[in-house]
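Novice: Here it is, the structure, as structure tokens.
Each reported figure results from applying straightforward, stated rules to the coordinates on display, with no laboratory input. In this text the structure is predicted, and so the values were computed from the model without any measurement. Glycine gets a Cβ as well: all are built from the backbone with ideal geometry, and neighbour counts include every protein chain shown.
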Amino acid sequence: LNGVDKAIFKPSDTKELSLPLKIVTHHWGRDLNKGFNIYKKLDTLLEEESFKEKFEFTFIGNIPKNVNFKNTKTITPLHGKRLGEELSKHDIYITGSMFEPAGMHHIEGAMSGLPILYVNSGGVTEYCQNYGLEYTYDNLHIKLEEIVEKYDFFIKRLEKYDFTGEAMNLNYLDLFQNLLGNKK
């Protein structure tokens, strides 16, 4: 299973939860399957004053040429330490990614201490199911409210999130040692 460098992707030491809650996602790829239908829905929800009082949304990365955000803060692609620092400034991570075999973006969000909203598609569920809430296009608004209600519960759970680069490397090492030990 994939893992990230816990020295780069880590929770903020100084985070204080206050309104509006900061939702974030990031993608290098511009493919619409990265969840742009969801991110456009969030952008539209932010036109409602009652929603805007509770939430703001930041998209980090590359945006398809035919997608325009009106109410979303956009940041050009970041990586490494700068990305880790930016993610940890937020409160909730969302991924709308479809058919993703595994992915790294949601792992980076979780390791940054952010409860995750995710769709049940591809390998994303394996990494997110105990550290946030599954949602659909139609119930996104409801699940956002629910994750806020259960925020402290998920923050506590994320303390045990263990998809680290170190664990991944050890698993690969064990695999190769096993293969070498059993070769004929």
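Novice: Given 70/156; 54/143; 89/160, which pairs have Cα atoms separated by over 22 Å?
Specialist: Violating the 22 Å Cα-Cα cut-off are 70/156.
Novice: So, one more: Quick one: plug the Kirkwood hydrodynamic radius of segment 50-100 (C-alpha pairs) into Stokes-Einstein at 25 °C, 0.890 mPa s, and report D in µm²/s.
Specialist: The Stokes-Einstein estimate is 193 µm²/s.
Novice: Take every Cα pair under 8 Å in the chain that's 6+ residues apart, average their separations, divide by the length, and report that relative contact order as a whole percent. Present the calculation step by step, with values, prior to reporting the outcome.
Specialist: Working: 309 pairs, mean separation 48.6, N = 184.
Normalised by residue count, the contact order of the chain is 26 percent.
Novice: Write out the chymotrypsin sites (Phe, Trp or Tyr not before Pro) in segment 1-67 meeting two conditions: DSSP loop, and at most 14 other Cβ atoms within 10 Å of their Cβ. List each step's numbers first, then the result.
Specialist: Numbers: sites: 9, 28, 36, 39, 51, 55, 57, 59; in loops: 9, 28.
Listed in order of number, the matching sites are 28.
Novice: Measure off 7 Å from each Cα along the Cα-to-Cβ vector at residue 44 and residue 139, then give the distance between these two points in nanometres to one decimal.
Specialist: With each label point 7 Å from Cα toward Cβ, the separation is 2.0 nm.
Novice: Follow-up. Classify segment 46-149 as rounded, prolate or oblate, taking a ≥ b ≥ c as the square roots of the eigenvalues of its Cα gyration tensor: rounded when a/c is under 1.5, otherwise prolate if a/b is larger than b/c and oblate if not.
Specialist: Rounded, since a/c falls under 1.5.
Novice: Which FRET efficiency value, to the nearest 0.05, do you get for residue 81 and residue 172 by plugging their Cβ-Cβ distance into 1/(1 + (r/R0)^6) with R0 = 25 Å?
Specialist: The computed FRET efficiency comes out at 0.55.
Novice: Calculate I(q)/I(0) for segment 1-68 by the Debye formula, one identical point scatterer on each C-alpha and no solvent, and give its log10 at q = 0.26, 0.28 Å⁻¹ to two decimals.
Specialist: Computed log10 I(q)/I(0) values: -1.14, -1.19.
Novice: Next question. With a ≥ b ≥ c taken as the square roots of the eigenvalues of the C-alpha gyration tensor of segment 88-183, please select rounded if a/c is under 1.5 and otherwise prolate if a/b is larger than b/c or oblate if it is not?
Specialist: Prolate is the answer for segment 88-183, as a/c is 1.5 or above and a/b outweighs b/c.
Novice: How large is the Kirkwood hydrodynamic radius of the chain, counting all unique pairs of alpha carbons, in Å?
Specialist: Numbers: mean 1/r = 0.0590 Å⁻¹.
Mean inverse Cα-Cα distance, inverted, gives 16.9 Å.
Novice: Each residue of segment 105-122 in order: what ³J(HN,Hα) in whole Hz does its phi give by Karplus 6.51 cos²θ - 1.76 cosθ + 1.60, θ = phi - 60°, with x for Gly and Pro?
Specialist: Each residue of segment 105-122 in turn: 4, 5, 5, 4, x, 5, 5, 7, x, 10, x, 10, 9, 9, 9, 7, 7, x Hz.
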